[in-house]
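Structure, as structure tokens:
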Amino acid sequence: MAVKELEKERAPQPPGLGALGWARWFWRTLTSMKTALILLFLFALASVPGSLVPQRGVEPDKVAQLFQQNPTLAEWYDRFQLFDVFTSVWFAAIYLLLFTSLIGCIIPRTATYLREVRRRPPAAPRNLSRLPHHAAFTADLTVEEAARRLRARRFRVDTGDGWVAAEKGYLRETGNLLFHVSLLGLLVAVGMGSLFGYRGNVLVVEGDGFANTVANYDRFIPGREVSAESLEPFSFELTDFKATYQVQGEKRGQELDYSAYLRVNDSPTTPARDYELKVNEPLEINGTQTYLIGHGYAPVFKVTDGQGQVAFDGPVPCLIEHKPTLTSGCVVKAPDARPSQLGFLLRFLPTSVPLTDGTYASAFPGELQPEVQVLGAFTGDFGVRSGRPQSVYELAPPDLMKKLKPLVMGTSVPKPLAVGKSLDLPGGAGKLEFTGVKEWITLQVAYDPGRVPALFFAGLATVSIALSLMIRRRRLWVRIGGKDGDGDGAGAGTVEVGGLTRTEGSAAGFAEEFDDIVKVLTAGDRDVR
């Protein structure tokens with residue numbers, strides 16, 4: 001037993017791969033076609049959350065609403081970067097691996113393709129009858145004439161002693177190769193946009209303006225090579241906003257169309273011009289596009305404090321709580337109120353109607369009978385001067401909310417406030433007045449230098465995949481023998497034609513083409529026509 005164990009120890013062990021071997025294995029696996037297809041599938045799959053989960057760069061108001069309605073779920077989404085899918089670490093990892101895999105696939109395939117293009121068709125086999133397609137006939141045909149007739153049908157031809165070789169369908173591999181190049185080009189275009197492009201989101205209320213500077217954005221996402229000086233110096237004012245809704249039928253209240261009317265200055269020195277901004281019709285200025293993303297209501301409130309001073313007066317953008325009716329939640333904060341700060345939780349109803357249980361709701365998204373429900377009025381320290389970042393859609397952080405003193409709760413205000421009505425706070429703490437209604441729009445401003453190249457490569461990919469699917473690769477050989485069988489082609493003799501396809505599933509289509517070629521070789525082009 002000990003001898004056998006000693007012999008096992010002395011027996012030569014197979015060498016390990018080593019660092020270089022593992023590196024070669026990893027590179028071959030990464031650059032294989034199978035891996036490229038898997039990464040392409042993962043790339044498409046990774047884009048799905050970007051469509052299902054609201055993105056900070058596109059719908060920041062919906063992200064804020066999700067944090068309010070379901071903070072636990074929102075925190076998990078944020079932890080896995082699902083609110084920023086296309087700038088996340090895991091999406092970039094798939095992107096870079098696919099980029100590397102495509103390069104590793106394209107370079108060797110390009111070299112192989114160039115060698116194939118320069119290579120002449122192979123010589124005719126000795127026994128053509130063994131090929132999938134075969135025909136034999138007697139005709140007065142020479143090698144030169146057979147080659148000419150095949151060239152007329154766009155075959156690449158080579159000749160030898162008594163034989164002709166022809167090949168067709170090289171554009172199939174060209175389309176396949178161009179498709180991979182197009183995918184690589186798309187990735188490069190996306191990379192260009194990430195490096196030299198930027199996008200930002202901003203909310204603008206009717207009557208307010210916007211200048212394209214970093215400070216004016218609610219959220220700004222620049223590329224690595226973007227600076228503050230890179231932004232196009234345009235500005236505009238939102239003069240009006242109009243929305244139309246379905247007023248009858250089952251789809252009553254559904255949005256039909258909406259437009260934002262802007263007064264635009266393309267640069268500080270150019271005169272203002274009018275522009276109607278619509279969905280999917282962006283405002284474009286020197287490659288920078290401004291998209292209309294969404295809209296909502298911004299009721300106008302006036303807050304008078306306990307000393308009779310106006311502590312707040314202006315529109316308040318409200319967060320949409322119910323999209324079909326545009327019922328919205330509003331937060332009004334007056335940190336300058338005296339003797340203590342004031343804050344209000346409100347609900348805006350565009351078309352307020354009473355319900356049978358004594359409550360109120362909005363019956364239509366249009367501004368037909370706007371009213372505001374007072375859900376609560378509070379006094380105390382709201383933490384606006386603490387230096388901590390705070391959302392404009394929340395009254396105070398949870399830890400401070402417990403310390404606030406409630407002045408009015410929703411049950412003590414049975415009827416909503418109409419425009420021009422006010423609510424006096426108890427104890428002479430102040431007054432809240434509902435003075436009017438404005439509307440807000442959310443915009444996405446984007447500059448993407450890779451947009452046009454991406455469109456070009458997407459079109460090229462479509463054409464390329466069509467070429468690779470529609471074109472068949474096939475080979476044809478003609479062997480000609482003279483009367484005396486000397487192979488010089490003199491006089492009428494036996495002509496053999498053989499052919500095959502190099503594309504799976506195209507044999508049936510090639511059978512008809514093969515029969516036509518045999519007719520051409522038998523009778524000539526003119527006789528066939």
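The values are calculated or read from the model by the stated rules, or taken from the named source; none is laboratory data. The model shown is predicted, which means the values in this text are computed figures rather than measured ones. Counting neighbours? That spans all protein chains shown, and the Cβs are built from the backbone with ideal geometry, glycine included. Accessible surface areas use protein heavy atoms only, side chains included; no ligands, DNA or RNA. Shrake-Rupley method; radii C 1.70, N 1.55, O 1.52, S 1.80 Å.
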Boolean, VAL188 is touching a helix residue (DSSP H, G or I) at 6+ places or on another chain (Cβ under 8 Å) and either free of Cβ contacts under 8 Å to residues at least 60 places away in the same chain or crowded, with 20+ Cβ neighbours inside 10 Å (or both) = no
Here the residues within the stretch 81-110 that are more than 21 Å from MET192 (Cα to Cα) and open to solvent by less than 40 Å² (accessible area, probe 1.4 Å) are LEU82, PHE83, CYS105
Has the stretch 155-163 got at least one residue that is buried (at least 18 other Cβ atoms within 10 Å of the Cβ), at pLDDT below 85 and not in a helix (DSSP H, G or I)?
-> no
Among all residue pairs at least 6 apart or on different chains, which show Cβ distances below 6 Å where the first residue, located in the stretch 160-178, is in contact (Cβ under 8 Å) with a residue 40 or more places away in the chain and the second is crowded, with 20+ Cβ neighbours inside 10 Å and assigned to a loop (DSSP other than H, G, I, E, B)?
-> TRP163/ALA124; ALA165/ALA124; ALA166/PHE155; LYS168/PHE155
Within the stretch 206-321, strands (runs of 3 or more DSSP E) holding 2 or more residues that are within 22 Å of ASP61 (Cα to Cα) and touching a residue at least 12 places away in the same chain (Cβ under 8 Å) | 209-211, 219-222, 235-245, 255-265, 273-278, 288-305, 310-315
When every residue in the stretch 18-69 that is among the charged types (D, E, K, R) and closer than 15 Å to THR100 by Cα is compared, the one surrounded by the fewest Cβ atoms within 10 Å (Cβ to Cβ) is LYS34
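So if I check each of GLU276, GLU284, which one is touching a strand residue (DSSP E or B) at 6+ places or on another chain (Cβ under 6 Å), loosely packed, with under 15 Cβ neighbours inside 10 Å and over 30 Å from ASP336 (Cα atoms)?
Criteria check complete, one pass: GLU276.
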Note on ASP78: of the conditions (1) surrounded by 18 or more Cβ atoms within 10 Å (Cβ to Cβ); (2) free of Cβ contacts under 8 Å to residues at least 12 places away in the same chain; (3) touching an Asp or Glu at 6+ places or on another chain (Cβ under 9 Å), unmet is (1)
Output yes when any residue across the stretch 118-137 is of a type outside the set (Lys, Arg), in a helix (DSSP H, G or I) and either at pLDDT below 85 or in contact with a helix residue (DSSP H, G or I) (Cβ under 6 Å, 6 or more places away or on another chain) (or both), and no when none is.
-> no
Is it the case that the stretch 441-453 has a residue that's farther than 30 Å from PHE236 by Cα and at pLDDT 85 or above?
-> no
Is it the case that some residue within the stretch 297-309 is under 30 Å from the mean Cα position of the chain (by Cα) and farther than 30 Å from SER340 by Cα?
-> no
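Each row is one residue, and each column tells you yes or no for (1) in contact (Cβ under 8 Å) with a residue 40 or more places away in the chain; (2) polar (S, T, N, Q); (3) in contact with a strand residue (DSSP E or B) (Cβ under 9 Å, 6 or more places away or on another chain); (4) closer than 29 Å to VAL497 by Cα.
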| position | (1), (2), (3), (4) |
| --- | --- |
| TRP90 | yes, no, no, no |
| TYR113 | yes, no, no, yes |
| THR138 | yes, yes, yes, yes |
| VAL143 | yes, no, yes, yes |
| ARG153 | yes, no, yes, yes |
